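Let me begin by presenting the structure, written as structure tokens, before commenting on it.
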Amino acid sequence: MRLPINILSSGTQHDAIIRYSIDVNIALHDAIGILGSALIVVTYLLLQLRKLEVSDAKYSVLNALGAGCILYSLSREFNLSAFVIEFFWLVISFVGIFQYLKEIQRGQKET
């Protein structure tokens, strides 16, 4: 994926505007990794803004999706420390999802 970025700069000797063009190449796995990072950060922001609760399944699902996307990107360009943290982020998110499902199941048995 190529993203053309134009940067305008002024302040030269004659105050002319100079245009710089930079081509940014983003591989698909990098774009998916960036999406995963954004999911985790936005999820944390929503938690801090009290729009999500830790006990809400959406919180764990969004975290799991984000970690999964990052793990996919790491499968193409591996980094051990990033892999370790994202692996545990994914596992802990699944723990939250299973806790939520158990609570739903318990609520149905009680009624």
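Coordinate-derived values only; no laboratory data. Quick caveat: nothing in here was measured; it's all calculated off a predicted structure. Methodologically, a virtual Cβ is constructed for each residue, glycine included, from the backbone with ideal geometry; neighbour enumeration extends over all protein chains shown.
Please identify the pairs in which a residue from the stretch 75-102 that is within 17 Å of residue 39 (Cα to Cα) has its Cβ atom under 7 Å from the Cβ atom of a residue that is polar (S, T, N, Q), counting only partners at least 6 apart or on another chain.
Every condition considered, the pairs that remain are 89/63; 93/60; 93/63; 96/60; 97/60.
Residues in the stretch 62-79: is at least one over 23 Å from residue 104 (Cβ atoms), surrounded by 18 or more Cβ atoms within 10 Å (Cβ to Cβ) and either touching a strand residue (DSSP E or B) at 6+ places or on another chain (Cβ under 6 Å) or among the β-branched types (Val, Ile, Thr) (or both)?
yes
Just the residues that are more than 8 Å from the chain's Cα centre (by Cα), assigned to a helix (DSSP H, G or I) and either in contact (Cβ under 8 Å) with a residue 24 or more places away in the chain or under 20 Å from residue 85 (Cβ atoms) (or both), please, taken from the stretch 17-47.
Across the stretch 17-47, the qualifying residues are 28, 29, 30, 31, 32, 43, 44, 45, 47.
Report yes if some residue within the stretch 50-66 is assigned to a helix (DSSP H, G or I), β-branched (Val, Ile, Thr) and closer than 22 Å to residue 101 by Cβ; otherwise report no.
The answer is yes, given that some residue of the stretch 50-66 is assigned to a helix (DSSP H, G or I), β-branched (Val, Ile, Thr) and closer than 22 Å to residue 101 by Cβ.
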